[in-house]
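Presented below is the structure to which this report refers.
The values are calculated or read from the model by the stated rules, or taken from the named source; none is laboratory data. Computed from a predicted structure; not experimentally measured. Don't worry about glycine lacking a Cβ; one is built from the backbone with ideal geometry, like all the others, and counts go over all protein chains shown. Protein only, heavy atoms only, side chains kept; ligands, DNA and RNA dropped before computing areas. Shrake-Rupley method; radii C 1.70, N 1.55, O 1.52, S 1.80 Å.
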There are 2 protein chains.
Amino acid sequence: MRIALAQINPTVGDLKGNAALIIEWARRAREAGAALVAFPELAICGYPPEDLVLKDHFLAGCRQALLQVAGASSEIVSLVGFPLQQGGAVYNGAAVLAGGAVAGTYAKINLPNYAVFDEKRYFTPGDRVAVVEMNGARLGVNICEDLWCECGPTETAAMVGSAGIVVSLSMSPYHVGKGREREAVFSRRAAEAGVFVCYVNGVGGQDELVFDGQSLVFDPEGRLVARARQFTEELLVVDVEPKCRADGMEAGRAPTRCNASHWPVDIVVVEASGVGSPVTSSGPTVAPAAVSVAECLTTEAEVYEALCLAVKDYVAKNGFKQVVMGISGGIDSALTACIAVDALGEGRVNVVSMPSRYSSSGTKDDARETAERLGVNYYEIPIEKIYGSYLESLAPYFAKEPPGVTEQNIQARIRGNLLMALSNKFGWLVLTTGNKSETAVGYATLYGDMAGGFAVLKDVPKTLVYRLSCYRNSLGPQSGPIPESTIDRAPSAELAANQTDQDTLPPYDILDRIIEAYVVRDESVEEIVALGLERPEVERVVGMIDGNEYKRRQAAPGVRITPKAFGKDRRLPITNRYRG
Amino acid sequence: MRIALAQINPTVGDLKGNAALIIEWARRAREAGAALVAFPELAICGYPPEDLVLKDHFLAGCRQALLQVAGASSEIVSLVGFPLQQGGAVYNGAAVLAGGAVAGTYAKINLPNYAVFDEKRYFTPGDRVAVVEMNGARLGVNICEDLWCECGPTETAAMVGSAGIVVSLSMSPYHVGKGREREAVFSRRAAEAGVFVCYVNGVGGQDELVFDGQSLVFDPEGRLVARARQFTEELLVVDVEPKCRADGMEAGRAPTRCNASHWPVDIVVVEASGVGSPVTSSGPTVAPAAVSVAECLTTEAEVYEALCLAVKDYVAKNGFKQVVMGISGGIDSALTACIAVDALGEGRVNVVSMPSRYSSSGTKDDARETAERLGVNYYEIPIEKIYGSYLESLAPYFAKEPPGVTEQNIQARIRGNLLMALSNKFGWLVLTTGNKSETAVGYATLYGDMAGGFAVLKDVPKTLVYRLSCYRNSLGPQSGPIPESTIDRAPSAELAANQTDQDTLPPYDILDRIIEAYVVRDESVEEIVALGLERPEVERVVGMIDGNEYKRRQAAPGVRITPKAFGKDRRLPITNRYRG
């Protein structure tokens, strides 16, 4: 049986656009000779639709879009994710579309409600397993988290429903190394249940999430059969031939420890049309699929691609044509500019150098040099005069006070105001350049360098900023877009004379270890000290992280690339006296 | 039996402070002759603790604080809310403390996961009902949402556990009219189960939520016996005498339609100590409690008090001494200043007038006049010079463009920068002054008038701003702090010549009706038009609401006073093509 996994990029809320996209890819699947095509989780509305699901008229619109897809894709059996409203409840659903109609539905049983997921806010869990019977074969259908659960719907479909194939519709957000996690779990699931596992994942950026695709197929021995590419749409076509039982029905097997009869099984019988008949039939239109196993990227390449896709989609899906950003001559803004150019093309990227009395000639030169190497539009607006006017206006109140952080923040906020003025005037999206290390400890100015619509490096620790910069430079041309001096210079915000980041912060390798332990792994001060770090430094950093929740709450969204990002992945109160 | 409901104000994360608070109020309850004292939901850690609950060391700290309370409150039986870690799971728990130890626990069965609630993210639902037996009486114990559910733990405690009293530990966030909703539900619950319902609610502000107290007691006929005041701590002491059965045990009764045997019942037997013995015993220390039924406030008074408490607690619990805010001569900043003064005292409130070329003498005079009437610290920093320096610096790029919204935003952002400079220099918290109507349609400048730490009127529609202003003026002295001219003048942002809000927006009574329908009730354009509103106006407003999600995502937290506020109550994607 030939199955196509349509690794597409839907847009949240774009019901018409998504329906058209699904219809187009169903057509491609049919042309590729597939009997069945599977689309990602909630493909009709995009993922995650969040509180849109609370609107009755939105759910009605989704239903309408689904019926439109059914009517336009009658020549292939399609599995399409959509929000299913039934009997007063709403489910995270999958529809089996065949012959121009909805032949059956499945409601996701395992609803994730941790990390970035809020599915129990929106959906009632399903309590029945669905198995599609077509061309004498049986396919279990489940959705994302279902496939991660041991003794879940996969095993039930195999053991109770006699499915030889399980198709999983998914929207699984990316973080570094997620691909390996998925492959380990799904391989085990396939082997334990004795079924082919066909896992289709969507692709694309959606606010703070990026979906990386990399759809997968495993055989009943748990061997990887096919892997789609990461970060791009792809139609992954495979021929799967489940072993047959004596009665001609495929057989899954049961992990002995499983009680797989948790749920009743619905058998949805569909008639496959002429095209897409099983590969055992003869005919010129059906050739064995050339199955591809895309290579995995290195960590740096993977993260870099993730960031580019996130920027590209945030810009495109929100209707922007161009972006604007400050460029300081430092490594964060240099890397951000590279990503913007690789995502959008240099003609759509505007960079603004806004030097002050504290900007060195080295950084000013590097800013211009980076802009030139990238070929972006470069502007220079010195802030000295504006800064002077603030100091003058505030002099009556500040005269007796020593200058300090206040004056530094004024400069950063002038730059924020200038970038926003360009944004407002020309309709450019402002990209911010702060990294995860700064975001963690609040080494940034709210409404200053934090001002903007999308925070490209928000989840990229400073040590990874360096690695990504070297990676990007390795791609060229020549020695790459980021000057050596930008990489070598001690990092500085240049908001005061002779300032460096390490006046205020521990060395970044230490800082990033503390952030990883405290933020990503939720460890205590005691546990972090036990890693071999100095207690006073750990306490100081943890205090800074806790004390800057108020800044992060007003930060721009930015893409998650680690297992725990700031944003909806980590929800701490601002008013919070807990320390430790 | 004398029961005390300790309507206290814990602080999230302040484990030591909350333990001390609970110990102190248990002492007061004992002095009042109570046999048992009940504290709010999660009183040990404050509510909601959010992702703090994901930290193992935080849970261990809560356990430690609970044991400290137990040890220090051995002379009274206490019911204390805390996060209960047991067998690898975490529950929203209640501890029965008696004789210096934990005599038993209850785990919340019904976990809310809608609106502002995320309890399924943190907690496993309990599956046993707890009944405390003391002095020959039986009391069911449950937590917040449990009491809202029909045929829930309340009925089980009564029917299966023979409880004559049910005590509910709660942290129920306020919105307008919530008190009436609670009384209707709890009265029915008491009457249907035939038990006394003793409902203790906490009080205080926590980020975007304010808890209003107003703890309640109902008798087994569903009659209100006692009501604590709103928005203030109070020890509500009642004598409840459940009818006795032949065997001397109290009896609840069952609503006939209920299958109340959902859960097994744990009976926790505790010995009440000398003080706090039942009222039927004689002795000089036990006198019948003087039960109070506090009066309900009017809507305006209630909302005003809610706003004051929210500001007071946000300031205090985050360690600020003073606040600063812009004052324009308009009604929003005037009302915000009144609330700040009533919450903090005039000596801790700093207001800054920042006039531009577009500020009228009328508004400038009103700003000063309001400040004088309130007795706050008044500053005047004209922005004309700074504004000029921006225009000059941007002239090379803007020369060919007509002036517009960009120039308006620059002015607002200059003001934001000045307020933040004062905040940074003197450690004052910036209060923002935007109302819900503006927040909905994005009639505000990101990083400009939206810059600040707490948005006092964020959930107050403009029409309610007027009502609250009149209410506050009615309290005096004389004609009140807000000048008549401020109330009468057509609203204007004064960012361009002869500007009024209604150049851009529909009249506020229309706008607020659309917001109420679209935001609070999730109605569609069709449904709103059917209310008798003009379709083009509805579509335009809905488009503005949808299109400004990105601004709200970076807005300051502000207190929720309606059934649906912007913030974690309403979670919409920024990237979202759905319209309707």
For segment A:401-416, pairs from a residue that is more than 10 Å from chain B (Cβ to nearest Cβ) to a residue that is open to solvent by 10 Å² or more (accessible area, probe 1.4 Å) and acidic (Asp, Glu), with Cβ under 8 Å and 6 or more apart or across chains, are A:Arg415/A:Asp449
Which of the residues that make up segment A:15-49 are in contact (Cβ under 8 Å) with a residue 60 or more places away in the chain and among the charged types (D, E, K, R)? A:Arg28, A:Arg30, A:Glu41
If you check A:Cys296 against the conditions, is it at pLDDT 70 or above and either surrounded by fewer than 22 Cβ atoms within 10 Å (Cβ to Cβ) or farther than 23 Å from A:Glu183 by Cα (or both)? yes
Just to be sure I understand, how many residues within segment A:63-116 are charged (D, E, K, R) and surrounded by 24 or more Cβ atoms within 10 Å (Cβ to Cβ)? 1
I'm trying to understand the selection: among the residues of segment B:214-229, which are outside any strand (DSSP E or B) and in contact with a helix residue (DSSP H, G or I) (Cβ under 9 Å, 6 or more places away or on another chain)? B:Gln214, B:Asp219, B:Pro220, B:Glu221, B:Gly222, B:Arg223
Identify the residue in segment A:48-93 that is touching a Pro at 6+ places or on another chain (Cβ under 7 Å) and part of a helix (DSSP H, G or I) and, among all such residues, is farthest from B:Gly580 (Cα to Cα). A:Glu50
Where A:Leu505 falls short, out of the listed (1) closer than 22 Å to B:Gly61 by Cα; (2) buried (at least 20 other Cβ atoms within 10 Å of the Cβ): (1)
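Conditions (1) surrounded by 18 or more Cβ atoms within 10 Å (Cβ to Cβ); (2) among the hydrophobic types (A, V, I, L, M, F, W, C); (3) at pLDDT 95 or above, marked per residue:
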| site | (1), (2), (3) |
| --- | --- |
| A:Asp247 | no, no, no |
| A:Ala260 | yes, yes, no |
| A:Thr285 | no, no, no |
| A:Pro288 | no, no, no |
| A:Leu309 | yes, yes, yes |
| A:Ser328 | yes, no, yes |
| A:Ala337 | yes, yes, yes |
| A:Gly345 | no, no, yes |
In segment B:61-89, anything more than 25 Å from the chain's Cα centre (by Cα) and under 15 Å from B:Thr124 (Cα atoms) is listed as B:Gln85, B:Gln86, B:Gly87, B:Gly88, B:Ala89
Failed criterion for A:Thr439 (all others in (1) hydroxyl-bearing (Ser, Thr, Tyr); (2) free of Cβ contacts under 8 Å to residues at least 12 places away in the same chain; (3) open to solvent by 10 Å² or more (accessible area, probe 1.4 Å) hold): (2)
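Residue by residue, here is whether (1) under 34 Å from the mean Cα position of the chain (by Cα); (2) at pLDDT 95 or above; (3) more than 10 Å from chain B (Cβ to nearest Cβ); (4) part of a loop (DSSP other than H, G, I, E, B) holds:
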site: A:Tyr390; (1), (2), (3), (4): no, yes, no, no
site: A:Ser393; (1), (2), (3), (4): no, yes, no, no
site: A:Leu418; (1), (2), (3), (4): yes, yes, no, no
site: A:Thr439; (1), (2), (3), (4): yes, yes, yes, no
site: A:Leu446; (1), (2), (3), (4): yes, yes, no, yes
site: A:Gly452; (1), (2), (3), (4): yes, yes, no, yes
site: A:Val465; (1), (2), (3), (4): yes, yes, yes, no
Residues of segment A:525-569 satisfying the condition of being out of contact with any helix residue (DSSP H, G or I) (no Cβ under 6 Å at 6 or more places or on another chain), open to solvent by less than 60 Å² (accessible area, probe 1.4 Å) and charged (D, E, K, R): A:Glu537, A:Asp546, A:Glu549, A:Lys551, A:Arg552, A:Arg560, A:Lys568, A:Asp569
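Can we say B:Pro481 is without any contact (Cβ under 8 Å) to a residue 40 or more places away in the chain and either over 30 Å from A:Asn417 (Cβ atoms) or in contact with a Lys or Arg (Cβ under 7 Å, 6 or more places away or on another chain) (or both)?
Numbers: without any contact (Cβ under 8 Å) to a residue 40 or more places away in the chain: no; either over 30 Å from A:Asn417 (Cβ atoms) or in contact with a Lys or Arg (Cβ under 7 Å, 6 or more places away or on another chain) (or both): yes.
Taking the combined requirement at face value, the residue does not satisfy it.
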Which one of these does B:Gln411 not meet: (1) out of contact with any helix residue (DSSP H, G or I) (no Cβ under 8 Å at 6 or more places or on another chain); (2) under 27 Å from B:Lys385 (Cα atoms)? (1)
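Can you pull out the residues in segment A:367-379 that are of a type outside the set (Lys, Arg) and open to solvent by 10 Å² or more (accessible area, probe 1.4 Å)?
Result: A:Glu369, A:Glu372, A:Leu374, A:Gly375, A:Val376, A:Asn377, A:Tyr378, A:Tyr379.
Residue by residue, here is whether (1) closer than 30 Å to B:Glu183 by Cβ; (2) among the small types (Gly, Ala, Ser) holds:
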position	(1), (2)
B:Leu42	yes, no
B:Phe58	no, no
B:Leu67	no, no
B:Gln85	no, no
B:Ala89	no, yes
B:Val141	yes, no
B:Asp146	yes, no
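Can you work out which of the residues in segment B:1-46 that are assigned to a loop (DSSP other than H, G, I, E, B), out of contact with any Pro (no Cβ under 8 Å at 6 or more places or on another chain) and not β-branched (Val, Ile, Thr) is surrounded by the most Cβ atoms within 10 Å (Cβ to Cβ)? Don't jump to the end; show me each part of the working.
Applying the first criterion (assigned to a loop (DSSP other than H, G, I, E, B)) to segment B:1-46 yields B:1, B:8-14, B:32-35, B:39-46.
In the following step, the residues that additionally are out of contact with any Pro (no Cβ under 8 Å at 6 or more places or on another chain) were identified as B:9, B:11, B:14, B:32-34, B:39, B:41.
Those left that are additionally not β-branched (Val, Ile, Thr): B:9, B:14, B:32-34, B:39, B:41.
On the way: B:Asn9: 23, B:Asp14: 21, B:Ala32: 21, B:Gly33: 21, B:Ala34: 29, B:Phe39: 31, B:Glu41: 29.
Among those residues, the one meeting the criterion is B:Phe39.
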So in segment A:117-132, with the set limited to residues that are of a type in the set (Phe, Trp, Tyr) and in a loop (DSSP other than H, G, I, E, B), which one is surrounded by the fewest Cβ atoms within 10 Å (Cβ to Cβ)? A:Phe117
From the option list B:Val324, B:Val291, B:Val352, B:Val303, single residue qualifying as part of a helix (DSSP H, G or I) and either at positive phi or β-branched (Val, Ile, Thr) (or both) is B:Val303
Given the conditions (1) assigned to a helix (DSSP H, G or I); (2) out of contact with any Lys or Arg (no Cβ under 9 Å at 6 or more places or on another chain); (3) buried (at least 20 other Cβ atoms within 10 Å of the Cβ), report the number of the one that A:Leu511 does not fulfil. (2)
Search segment B:182-208 for residues being open to solvent by 10 Å² or more (accessible area, probe 1.4 Å) and among the aliphatic types (A, V, I, L, M), and hand back the single one that is farthest from B:Glu50 (Cα to Cα). B:Ala191
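Out of curiosity, is B:Asp459 over 25 Å from B:Tyr358 (Cα atoms) and acidic (Asp, Glu)? Please lay out each step first, then the result.
On the way: over 25 Å from B:Tyr358 (Cα atoms): yes; acidic (Asp, Glu): yes.
Answer is yes for this residue.
Could you pull out every one of the helices (runs of 4 or more DSSP H) wholly within segment B:520-580 that has 3 or more residues that are more than 9 Å from chain A (Cβ to nearest Cβ) and under 28 Å from A:Gln554 (Cα atoms)? Don't jump to the end; show me each part of the working.
Numbers: elements: B:525-529, B:535-547, B:549-553.
Passing ranges, in order: B:535-547, B:549-553.
Return yes when A:Gly319 is crowded, with 24+ Cβ neighbours inside 10 Å, modelled with pLDDT of 95 or more and in a loop (DSSP other than H, G, I, E, B) and no when it is not.
So A:Gly319 does not fit the description; no.
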Which numbered condition B:Pro382 fails, given (1) part of a helix (DSSP H, G or I); (2) within 14 Å of chain A (Cβ to nearest Cβ); (3) open to solvent by 20 Å² or more (accessible area, probe 1.4 Å): (1)
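If we keep just the residues of segment A:138-152 that are modelled with pLDDT of 95 or more and outside any strand (DSSP E or B), which is most open to solvent (accessible area, probe 1.4 Å)? Break it down into steps so the answer makes sense when it comes.
Filtering segment A:138-152 for residues modelled with pLDDT of 95 or more gives A:138-148.
This time we only want the ones that are outside any strand (DSSP E or B), so: A:144-148.
Working: A:Cys144: 12, A:Glu145: 31, A:Asp146: 0, A:Leu147: 0, A:Trp148: 69 Å².
Among residues in segment A:138-152 that are modelled with pLDDT of 95 or more and outside any strand (DSSP E or B), the one most open to solvent (accessible area, probe 1.4 Å) is A:Trp148.
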